[in-house]
Every structure is written in C-alpha cells, then in structure tokens.
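The values are calculated or read from the model by the stated rules, or taken from the named source; none is laboratory data. This structure is a prediction, so every number in the text was calculated from the model and none was measured. Using ideal geometry, Cβ is built from the backbone for each residue, glycine included, and neighbour counts are taken over all protein chains shown. SASA here: full protein model, heavy atoms, side chains in, ligands and nucleic acids out. Shrake-Rupley method; radii C 1.70, N 1.55, O 1.52, S 1.80 Å.
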Amino acid sequence: MTARNTLPLALLGSTALALILPATAHAAGFIEDAKVSLNLRNYYFNRNYLNGTDPRIQGERQGQAEGWTQSFILDARSGYTEGTVGFGLDVLGLYSFKLDGNRGAANTNLMPIHDDGEAADQFGRTAVAAKAKISKTELKVGEWFAVLPILRADDGRSLPQTFQGAQLTSSEIDGLTLYGGQFWKNSQRHDASREDMSFGGVKGDDFNFGGGEFRFNDNRTMVGAWHARLEDVYQQSFLQLTHSQPVGDWVLGANLGYFNGKDEGASKAGDLDNKVYQGALSAKKGNNTFQVTYQRLSGDTKFLRIDGASGGSLVNDGYLSAFDNPQERSWQLRHDYNFAGLGIPGLTLMNRYTSGSNIHTGGRTDAEEWSRETELAYTIQEGTLKNLNVRWRNSNVRRDVGQDLHENRLIINYPLSIL
C-alpha cells in the first residue's frame, strides 16, 4: 500500500473546485446556499496489548500501537442551480500527515502501513459528488461520506471512510423518506486507494440497497425497513423502530432492531447465516441520561458489514468491540452527564460498561468479553476558538479468546466555517 505524495495539491484542487465552480455557475441558488467548512483534526492514539502483541507486526514483540496525526477535512457543498431540475456539486478534500508513529503505529488505523511495516508519512484523497434535485427528490453520483443503517462510513480515525456510487433519496410524501442506490468502491479510513466492496477480505461486485423510513407522532416515532446486497457475497435486511416519549420531567426512548443476513449469489465468502435482535431503552432527566441495551446474535456468522464500515447500527457497538461475534449475547449500562447543570456548558461525560457471553469462536462455545469506556469532552463556547472540541477516550476490553486491550485517545477537532 502506497500513500500518495501529491495530496496537498489535491486538497488545494478541491478547495479550488469548491470556490471557483460556484462563481461560474451563473445560478443564485448554487452560490447562495453553498457551505464550505474546514475541520482541523489532531488525533493521538495509544493502544496497549496486555496479553500479547500487535497482530499486524510479525517477527518481533510489539506490545503497543501508538500514533499521532494532523488532518485537514475540507467539506464544500454547493446549493442547487435554479430551474425545474437543480444541479449541484459536493467536494471532500481529505489530507493527513504523521506527527509520530512508525512500526508501533501498525494497528492504530491512523495511517496506511507500507509493506515494511512503517506508517506512511502522509495520505489523503479527494471525493467529488455531483447532485441533481427535482422537487424533494435528489440523485447523487460520485464519492462521499455515506451514513445509512445498512452501510455506515467510519469516521473514527484521522480521516473518514468514503464510498463511491449513486444514491436516490426522495421525500415527496410527508414523513416518508425513500432510499435506493448502488455503491461500487470503498475508501477505508486509513487508505488512500479505492477498492472493491468486500466482506471479510472477500471482494464482491456492487453493493445494492433500498430502504425507507416513516416518521410520525410529531416526529417522535420512526419505522424503518432496509435491504442490501453485496453481490455474490451476502444479503441483509434490517427492521427498526425508534420512539421518544416525554413523561413528566423525563424523556423516555426506545430503539428496537432486527437484522437478518445470509449468503447471496455465488456465495464467495461461503455459507453465511446471521441474525441480530437488539434493543436500547433510555431515560433522560435534566442533565442525566441513562441507557440499558441488549444485543443477541444467532447463526454461525458474525455480523455482516462491509470491510472498514462502522458497526454503529448495533446498539452495543463501542470503541474496542462491537460485541458482534457468532452467537454472542451482550448487555450494556450507560450514563451521560452534561455539566451545563453545574454551570459548565460544553463539558460532557460518558461512561458505559458492556458485557458479552456465549461467544462461539476459537473452538469455544462459551467465551466471554467485557469493556469499560469513558469519554470526557469539552467544546469551547465563545471567543476566538469557539466550537473547538477536545475529547479524551479511555477504554479497556478483556476477552477469553483474543487480545486484552487498554487504550487512550485524545482527539481535537476545530471546525472553521469558510462560507
């Protein structure tokens, strides 16, 4: 894997696209509704392997993965030209360079790793998507940061993952949004290249999807149904129900979901069988939010998702584990606190504990794992550095089968509005 050496020029080129094209479009909406922002992201990552070594480094003992990067994420989105059919353009300029981290950075997923095990000095890419809109229906073609229940791009490291494809989104009926499309390339969060969509390293053909979400009850209730196919590898359906209900001083919430996945077409990844039953119940009062979740997998296969994609649709997805092994059953307790209640707006604290059991892996049918995760975050509320966000994440995971990990991350995001 080789990082590109001309990426600073690519970033400048994407900036030029975002700023010059609107000036030549001769359409007020294209210009007036345009938004351009630049996020400066500084990311420090330190992972300790408590009972082993970094599995990506061979021939030597490496008990730690550590890296530090500085990234620039340009997000330029035009409005639409005037007329029955409006046209627009979205550009993502992504560039990251290494501040620290060599062989010990192999499993941080901050940077691409060369064949000799060394982390690349820099990497990035430019993602461009054209869009057209009629009434409340939009067609988008190109590459972007896609977030769908059955395909979530991962933004958990230096640069976000992006997918290349086409998507149609329609909201012609009040409360109902319909989705359909196809993705054919995947750029993972630590990669400068665009690869075919894959699952477990097995490449498939195109990733086709369709779905709909209906919101009602003053937007407090949502019902969603989705279906996706990675051609010749797997197919997956997802049903979801969410609801939020005020009860006196409390706001009660529910998120219920069911995944059903199996092999598809030529079954390049073999026979696949996975089902997920999950639910999350929350209660919010004042500055406190409490949540309890349960997630149960059945079948002989772990959760089905595109390589590199986020597991964020699972209620027990965390920093170190998604608790998505074959047959695994897991529960979670979580508490969030907003320090605005103590006169410190912008400061928040999250703690959660997740426990998994009945894991069928490594020749065992009763393996267990647990994780403890904390995030302390602060967003500056005013002044020159307004909106600068600092997050510290501390987490641990212990497993009967696999690596025991202790991890710290320090992430600084400084979003700048250009237009």
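Worth a mention:
- The charge dipole of region 109-151, taken about the Cα centre with unit charges on the Cβ atoms of Lys, Arg (+1) and Asp, Glu (-1), comes to about 680 debye, rounded to the nearest 20.
- Solvent exposure, largest accessible area first (probe 1.4 Å, DNA, RNA and ligands not counted), of Leu349, Leu74: Leu349, Leu74
- Electrostatic dipole magnitude of the chain [Cβ: Lys, Arg +1; Asp, Glu -1; Cα centre; debye, to 20]: 700 debye
- Heavy-atom surface of the chain, accessible at 1.4 Å and reported per residue (Å²): 46 Å²
- Listed residues Leu376, Leu419 arranged by accessible area, highest first, probe 1.4 Å: Leu419, Leu376
- Summing Cβ point charges (Lys, Arg +1; Asp, Glu -1) relative to the Cα centre of region 188-295 gives a dipole of roughly 580 debye.
- Each of Gly165, Thr126, Val202 was placed along the dipole of the chain (beta-carbon charges, centred on the mean Cα), and the one lying farthest toward the positive end is Thr126.
- Here r is the Cβ-Cβ distance between His335 and Thr169 and R0 is 35 Å; the resulting FRET efficiency, rounded to 0.05, is 0.50.
- C-alpha center-to-center spacing [region 195-221, region 95-159] in angstrom: 18 Å
- Prolate/oblate/rounded label for region 111-169 (Cα gyration tensor, a/c 1.5): prolate
- Within the chain, helix-based [θ] at 222 nm, where runs of 4 or more DSSP H residues each add -39,500 (n - 2.57), nearest 500: -1500 deg cm²/dmol
- For peptides 204-213, 127-136, sequence by mean Cβ density within 10 Å, most packed first: 204-213, 127-136
- Mean projected area of the convex hull spanned by the Cα atoms of region 259-412, taken over all viewing directions: 11.0 nm².
- Residue-normalised convex hull volume from the C-alpha trace of region 360-403: 80 Å³ per residue.
- Label-point gap, in nm, between Phe214 and Asp33 - each point 7 angstrom along Cα→Cβ: 2.8 nm
- In the assembled protein chains, Tyr277 presents an accessible area of approximately 100 Å² (probe radius 1.4 Å).
- For region 97-221: rounded, prolate or oblate by the Cα gyration tensor [a/c cutoff 1.5]: prolate
- Dividing the convex hull volume of the alpha-carbon atoms in region 207-278 by its residue count gives 76 Å³ per residue.
- Accessible area (Å², 1.4 Å probe, nearest 10) - Asp366: 90 Å²
- Across region 237-245, coupling constants 3J(HN,Hα) worked out from phi with the 6.51/-1.76/1.60 Karplus curve, θ = phi - 60°, read 10, 9, 10, 9, 9, 10, 8, 10, 9 Hz, and Gly and Pro carry x.
- Using every pair of distinct Cα positions in region 278-331, the Kirkwood expression returns a hydrodynamic radius of 12.3 angstrom.
- With every protein chain in place, region 245-367: carbon and sulfur % of accessible area (1.4 Å): 52 percent
- Within the accessible area of region 79-160 (1.4 Å probe), percent carbon and sulfur: 52 percent
- Taking each residue as 0.36 nm, the span from Ala132 to Val247 lengthens on full extension beyond its C-alpha to C-alpha distance by 37.2 nm.
- The value of relative contact order for region 157-246, using C-alpha pairs under 8 Å at least six residues apart, is 22 percent.
- With all protein chains modelled, accessible area of His243 [1.4 Å, Å²]: 60 Å²
- The listed residues Val251, Val315 rank as Val251, Val315 when sorted by accessible area, largest first, using a 1.4 Å probe.
- For the chain, the relative contact order comes to 12 percent (Cα pairs under 8 Å, sequence separation of at least 6).
- Cα-derived Rg to Rh of region 224-325, Kirkwood definition: 1.07
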